[in-house]
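Read-outs: derived from the displayed coordinates by stated rules, not from any lab. The structure displayed is predicted, hence computed values, not measured ones. For neighbour counting, all protein chains shown are included, and Cβ atoms are generated from backbone atoms with ideal geometry for every residue, glycine included.
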Amino acid sequence: MRSDHIFVFLLAAALLVGCANRPINEPITRVDPQAGYRPQLLIPKRQNNQLSTLFVLSFSGGGTRAAAFSYGVLEELRRTEVTVDGQRRRLIDEVDVITGVSGGSFTALSYALYGDRLFSEYEERFLKRDVQGALIARGLNPVNWWKFVGGSAGRSELAAEYYDEILFEGATFGDLLDKQGPVALATGTDLSSGSRLAFFQNDFDLLCSDLSKVRLSRAAATSSAVPVVLSPVTFNNYGGTCGFEYPLWVRDVANPETRARPSARAVQRYREMESFQNSKDRPFIHLVDGGVADNIGVRGVLEFLEEQAASAAFRGEIGFGRIRRIVLLVVNSQSSPTTHWDRSEEAPGMAVQLLQSTSVPIDHYSFETIETMKDRAAIMGWQRQLHVARARLAGASEAEAEASLPELTLEVIDVSFAAIRDPDDKRYFMNLPTSFYLPAEDIDRLRDVAGELMRQSPEYQSVVREMGGGVAAKQGGAGGAAH
């Protein structure tokens, strides 16, 4: 090979490696609790929002199936009217926080960015687009190999670039600060520890990093970075360099001799926070699909309830004098495809075994988390009834008893395919694949069934009535699946 050819080859190789470097999240020198993308700062600024109720939507993972199902929930909330402070409003305007995992993170982040514009563009731009086919084509195109071969980038960075083109338009979390919609919290899983890391400034304080300059597309790519299929998304960790102070609840649970139960989850979260702060031993954090740690996006809410229960000081810090009730609407698009393995003496192959060994524990963990939340809601309801009964026996009037109720109540609404009444329809939805492409008919049916399941839910109907509204009339479409 001629010397000039060798020089060109070496230069090309250097460019190949150099250009494959990932975006770098920027450090902060000092934590500022009064700035950044934080729910406690953004929610009180929303116009005409009822501050006594914290309304949380939880969008599960499941690829396009999850994105379409959660979009159908938003459509139903948009159709439903309630009364807030004497004014008729849409129930969707009362949603304060949306947690999103994997496919659900796309709907959560997109609604936070676009608001009502989502309802005229989301289908064409994302839901009814062959996202999976486009990603495979880009990955196989040699022109794109330099973007994820060598250096610290990977296939997920290529996916994030595509998501920017078709959906997020280069928007960052800083662009969400002035929006009037809900706070969207996409979640990734720390590959080393299995810990959750949510894309809001509170968690990025642990890394001493500025979330406002992180693109929404990278958050969505992180939350949907299925291990092996897609690469981890890597973030620089500057933890321990910005004067981070632990929240007040840590003081009340860190000492094993004084902590109250239940607090085990809070203690575990404290240990995870300590690990993120250790940038000396962990200068890089590699994140994968948020569903690995919590496929329904409810874990953070459960930990939050335990933290406030374990710490009176923390309850004061987060302003529970205003929040009297939490409404948690869990949008669970978990499927359960029909199999015929047990009809054969021969066991399934290695690939199927690997898939089952990861998906089955995640599904069972999701079920247990939802049931734990329902149990927690029931216990809080019983405590409320007991408090009122005791107050009345002590001679208090009904108004006095109500006024002295415990600080917080919880209502859980579970919207999932398991509630579909028709066996054939249930089988249809349970067998939809987890991918980033579905035919248009499947998308429409997912949207329709989401609304029908909400309208038939006693828990949802109860919340709507309590807020002075009525359940929306059935809409026309491809549905009928919840009959």
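Couple of notes before you dig in:
- Contour excess over end-to-end distance, with Cα ends at Asp281 and Tyr162 and 0.36 nm allotted per residue: 39.5 nm
- With a simple spin-label model that places each label point 7 Å from the Cα along the Cα-to-Cβ direction, the separation between Gln34 and Ala264 comes to 4.1 nm.
- Amide H partners (placed H, <5 Å) of Gln334, local residues excluded: Phe417
- Straightening the chain between Ile136 and Arg324 buys 62.9 nm, computed as 0.36 nm per residue apart minus the Cα-Cα spacing.
- Residues whose amide H lies under 5 Å from that of Thr80, counting only those 5 or more places away or on a different chain, are Leu91, Ile92; hydrogens are built 1.01 Å from N in the peptide plane.
- For Leu177, the amide hydrogen comes within under 5 Å of no other amide hydrogen, counting only partners 5 or more places away or on other chains and with H modelled in the peptide plane.
- Segment 39-55 and segment 425-466 have Cα centres separated by 28 Å.
- Simple spin-label estimate for Asp85 and Glu26 in nanometres, 7 Å along Cα-Cβ: 3.5
- Estimated at 0.36 nm per residue, the fully extended path between Arg129 and Asp422 surpasses their Cα-Cα distance by 102.6 nm.
- Flagged links, alpha-carbon separation over 32 Å, of Lys213/Lys280; Lys179/Lys280; Lys128/Lys179; Lys45/Lys426: Lys179/Lys280; Lys45/Lys426
- Residue-wise HN-Hα coupling along segment 29-45, computed from phi with Karplus coefficients 6.51, -1.76, 1.60 (Hz; x: Gly, Pro): 8, 8, 5, 10, x, 9, 9, x, 7, 10, x, 5, 8, 7, 4, x, 7
- With R₀ set to 41 Å, the beta-carbon distance separating Ser462 from Asn431 gives a calculated FRET efficiency near 0.85.
- Evaluating 6.51 cos²θ - 1.76 cosθ + 1.60 at θ = phi - 60° for every residue in segment 220-225, the Karplus couplings come out as 5, 5, 5, 5, 10, 7 Hz, glycine and proline recorded as x.
- Charge sum, other residues only, whose C-beta stays under 13 Å from Phe429's C-beta, Lys/Arg counted +1 and Asp/Glu -1: -2
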